[in-house]
Amino acid sequence: MDRRKFITSTGAAAAGAFLVNPVKGMTAGHSGTAGKKRLALVGLGVRGTGMYGHNLMRDYSDYVEMVAVCDQNPGRLEVGREMIGVECPVYTDVEELIRKERPETLIVTTWDDTHHEVVNKGMEMGCDIIVEKPLTIDEVKAQSIIDTEKKYGKKCIVTFNYRYPPYRARMKELIMEGLIGDVTSVDFQWQINHAHLQRYMTRWHGEANRGGTLWVHKSTHHFDMVNWFINSEPVQVQAYSARERFGDKGPFRGKNCRNCAHTSKCPYYWNINDNERLRRLYADNEHYDGYIRDNCVFRHQIDSFEKHSAIVKYASGVYLNYSLTADTDYSGYWIAFNGTKGRLEARALGYPRKDHIDITFTPVSIYNDKPAEVITVPFAPGGHWGGDPIMNDKLFKDPDMPDPLGQQAGIRDGVMSILIGIAARKSATENRAVDIGGLTSLVPQAVKPPFPG
Ligand SMILES: NC(=O)c1ccc[n+]([C@@H]2O[C@H](COP(=O)([O-])OP(=O)(O)OC[C@H]3O[C@@H](n4cnc5c(N)ncnc54)[C@H](O)[C@@H]3O)[C@@H](O)[C@H]2O)c1
């Protein structure tokens with residue numbers, strides 16, 4: 001029987017056990033081959049197969065061992081493992097994977113709305129967790145993770161890679177050193193260009209019950225950055241958001257992009273089959289689970305937004321003025337911290353990409369006679385302005401590496417960042433200010449508790 005037929009007819013879990021020789025007799029908490037950390041990866045989409053799959057094995061295989069991989073789609077599981085380039089058992093069921101392979105740590109790169117299932121199951125069965133942002137998409141799922149962590153006492157890290165680019169670390173240092181005194185307010189605008197938003201809207205990210213809207217899926221990064229920079233937790237959110245072009249606002253719609261009758265007149269048309277990696281991972285395997293990667297951006301199910309504005313009040317008294325403009329020609333952001341001794345700001349352009357960031361410090365001066373100081377920080381090599389390799393070194397190479405800026409994030413930070421988005425979503429829908437306290441059992445603190453929270 002060939003491998004594809006075998007997987008289709010019996011399930012990938014059995015196929016994995018049949019085709020490879022799983023490591024026997026290991027228990028969670030023991031290191032694997034030559035002291036390597038025993039990891040398992042759950043969710044073999046682009047993120048899983050890329051950053052935590054192929055790249056992880058390329059850069060960290062001296063330190064970690066991939067003992068198994070899991071995806072509920074047996075076709076993607078098979079292709080994903082091949083793309084990662086590992087010879088390990090494959091599973092469609094995470095519980096079976098943990099029972100048979102006993103990984104020490106689960107890396108969770110599944111859909112946002114299924115993170116809690118895998119995270120909770122992993123902790124219950126004795127694993128530490130590394131989970132992609134957003135931790136989850138609503139307050140009920142967030143509470144289930146808080147409760148599970150408390151009950152089982154396992155370590156759960158949320159991969160906020162946006163904390164790690166060297167120039168952001170420098171800004172954090174400058175704020176911690178008191179350069180601008182006490183921060184009183186933050187101005188933060190983030191822009192997503194049309195192509196990037198199109199990539200969200202073709203997928204589950206466009207549907208609130210899958211990705212929590214961009215208030216959660218995308219803004220979790222931004223809210224976490226602010227929480228971390230100012231070292232405080234949010235107490236109240238007032239927000240507005242709207243959709244004007246996508247979903248039911250569109251002029252026509254088709255089943256999906258590649259076979260749509262409106263391709264010649266649709267500004268968002270693309271053909272997934274032109275991209276071999278995406279075709280092999282998604283289009284070739286959609287018959288297993290109906291996960292369509294090139295859905296119509298005008299489908300009626302879309303209830304995510306394009307424009308977002310929020311004011312967030314922190315327990316420390318800081319105000320954050322935030323906007324996410326997710327349908328524009330421009331890609332980048334601008335952030336400014338106003339403090340009692342001056343103002344610190346940075347502006348980053350997605351394209352054309354420079355090789356450095358200029359951080360500007362303007363001291364307080366009513367006559368504008370103190371010149372602004374420019375602090376230039378070069379980008380480091382690697383994804384997300386050089387942040388990804390630094391985060392991964394701490395995660396996989398040297399977990400004891402000192403963390404003077406508190407860059408590693410746990411469940412509390414993961415929850416606090418999504419709660420701002422969840423409160424913003426409620427605020428915009430119900431047209432009222434929404435308190436963060438009471439959404440979960442976590443009580444916002446004026447000074448953010450250090451990791452693990
Ligand atoms: N930090 C970042 O910059 C960044 C960038 C991209 C994606 N992400 C996050 O990474 C995660 C994955 O993103 P993606 O683009 O690869 O998504 P994707 O939809 O391409 O892949 C997710 C995979 O998870 C599988 N899956 C879903 N639920 C499962 C379950 N319960 N058990 C086993 N498999 C399951 C799906 O079949 C799919 O193959 C998301 O949470 C996303 O928000 C983070």
Any residue at all in the range 403-420 that is exposed (fewer than 15 other Cβ atoms within 10 Å of the Cβ) and either assigned by TED's automatic domain parsing to the domain that holds ARG347 or not basic (Lys, Arg) (or both)?
yes
Using beta carbons and a limit of 8 Å, which pairs, at least six apart or on different chains, have the first residue in the range 131-158 and within 17 Å of LEU106 (Cβ to Cβ) and the second one of a type in the set (Phe, Trp, Tyr)?
LYS133/PHE160
Scanning for something of a type in the set (A, V, I, L, M), in the same structural domain as LEU39 (by TED's automatic domain parsing) and under 15 Å from VAL69 (Cβ atoms), does the range 138-152 turn up at least one residue?
no
Do we find a residue being away from the ligand (no atom under 16 Å from the Cβ) and surrounded by 21 or more Cβ atoms within 10 Å (Cβ to Cβ) anywhere in the range 242-256?
yes
What's the number of the condition GLN191 fails, among (1) more than 16 Å from the ligand (Cβ to nearest atom); (2) surrounded by 22 or more Cβ atoms within 10 Å (Cβ to Cβ)?
(2)
Of all residues in the range 110-125 being among the charged types (D, E, K, R), under 21 Å from LYS150 (Cβ atoms) and touching a residue at least 24 places away in the same chain (Cβ under 8 Å), which is nearest to the ligand (Cβ to nearest atom)?
LYS121
Which condition number does THR328 fail, the rest of (1) touching a Leu at 6+ places or on another chain (Cβ under 9 Å); (2) β-branched (Val, Ile, Thr); (3) modelled with pLDDT of 95 or more being met?
(3)
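Between ASN209, ASN259, which is surrounded by fewer than 17 Cβ atoms within 10 Å (Cβ to Cβ), on the phi < 0 side of the Ramachandran plot and touching an Asp or Glu at 6+ places or on another chain (Cβ under 7 Å)?
On inspection, the qualifying residue turns out to be ASN209.
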Quickly run through the range 272-329 and pick out the residues that are of a type in the set (Val, Ile, Thr) and within 21 Å of TRP204 (Cα to Cα).
ILE272, ILE292, VAL297, ILE302, THR325, THR328
Contact list, first residue from the range 160-180 and assigned to a loop (DSSP other than H, G, I, E, B), second anywhere and small (Gly, Ala, Ser) and away from the ligand (no atom under 14 Å from the Cβ), beta-carbon distance below 6 Å, six or more apart or interchain, is ILE180/GLY339; ILE180/GLY342
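Looking at the range 349-371 only, could you name the residues that are farther than 30 Å from ASN193 by Cα and out of contact with any Lys or Arg (no Cβ under 7 Å at 6 or more places or on another chain)?
SER365, ILE366, TYR367, ASN368, ASP369, LYS370, PRO371
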Six or more apart or on different chains, Cβ atoms under 9 Å: show the pairs whose first residue is in the range 36-54 and within 9 Å of the ligand (Cβ to nearest atom) and whose second is at pLDDT below 95.
MET51/GLY383; MET51/ASP388
Count of the range 378-399 residues which are over 29 Å from VAL216 (Cα atoms) and either modelled with pLDDT under 95 or part of a helix (DSSP H, G or I) (or both):
2
Name the residue, out of THR159, THR136, THR105, that is more than 11 Å from the ligand (Cβ to nearest atom) and under 20 Å from the mean Cα position of the chain (by Cα).
THR105
Residues to consider are PRO452, PRO402; find the one that is at negative phi and over 21 Å from the mean Cα position of the chain (by Cα).
PRO402
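The values are calculated or read from the model by the stated rules, or taken from the named source; none is laboratory data. Note that the structure is a prediction, hence the values are computed from the model and not measured. Cβ coordinates were reconstructed from backbone atoms using ideal geometry, including for glycine residues, and neighbour counts include every protein chain displayed.
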